[in-house]
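Read-outs throughout are calculated quantities, based only on the coordinates presented, and are distinct from any laboratory measurement. From a predicted model like this one, the values you see are computed outputs, not experimental measurements. Cβ placement follows ideal geometry from the backbone for every residue including glycine, while neighbour counts extend to all protein chains displayed.
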Amino acid sequence: MARGPKYRVFFRRRREAKTDYYLRQRLLLSRLPRFVIRRSLKHSIAQIVNARIEGDFVITSGHTNELKRDFGWLGGCGNMPASYLVGFLTGYRGLELNVSKAILDIGTFSPIGGSRLFAALKGAIDAGLNIPHNEKILPDESRIRGEHIADYANLIFEMDPEKYERHFSKYLERGLDPRGLPEHFDAIKDKMSEKYEGG
């Protein structure tokens, strides 16, 4: 560690690479709620957060576990379709609570165009939230629906059925043929729309 009277120790969350305080300051200057997206290997989480003097206040949130529990999602929770659906769900919940506009907060994650983070952003936008963004960063519709997963599953099935059963064992245990993932995605999305739009 550096020594001397001019050495400044960063805040703990900055040292742990959990918070970029310069980015946070710029986001707070917008005076808009933040649409916060976080991900792990197995899950995605989206929140709409207001900053207050005493700390952040979560207005509403969505988690990939809720897709399974409340809407019958049978696919994986760490993939792009699940991330989109979490953003879609959180966007609807925000609108119900009179949040119409927000600003994106991806924290310390690298802003890689077409990634799961931006799939969640696309979901919130499709639900009706106004979030400033560049269209180029959003993933293709085919990847959002999981067509790349279905195509890969079909390829493996044709080449080696045993490997297909091993590779997609979790899908098959839950009763979902991964080759039908795009249709399953559409069904879950329609179920969400019906619930929140009253259709």
Charge context of Leu28, other residues only, Cβ under 11 angstrom, K/R +1, D/E -1
+3
Mind checking which aspartates and glutamates have their Cα closer than 18 Å to the Cα of Lys191? Skip sequence neighbours fewer than 8 apart in that chain.
Glu66, Asp70, Glu96, Asp126, Glu183
Which of Lys163/Lys189; Lys122/Lys195; Lys101/Lys122 have a Cα-Cα distance over 21 Å?
Lys163/Lys189
Could you tell me how many degrees, from 0 to 90 and to the nearest 10, lie between the Cα long axis of helix 80-96 and the main elongation axis, the longest principal axis, of the Cα atoms of the chain?
60
Given H placed on each backbone N at 1.01 Å, which residues far from Ile59 in sequence or on other chains put an amide H within less than 5 Å of it?
Ile48, Val49, Asn50
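To the nearest 500 deg cm²/dmol, what mean residue ellipticity at 222 nm is calculated for the chain from DSSP H runs of n ≥ 4 alone, each contributing -39,500 (n - 2.57), summed and divided by the residues? Can you show the working numbers first?
Working: 10 runs with 96 residues, N = 199.
So the helix-based figure for the chain works out to -14000 deg cm²/dmol.
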Using Cβ counts within 10 Å as a stand-in for footprinting exposure, how do Asp56, Asp126 rank, fewest first?
Asp56, Asp126
For Rg/Rh (Cα atoms, Kirkwood Rh), several values are listed as [x] 1.06; [y] 0.98; [z] 1.02; flag the one computed from this structure.
[x]
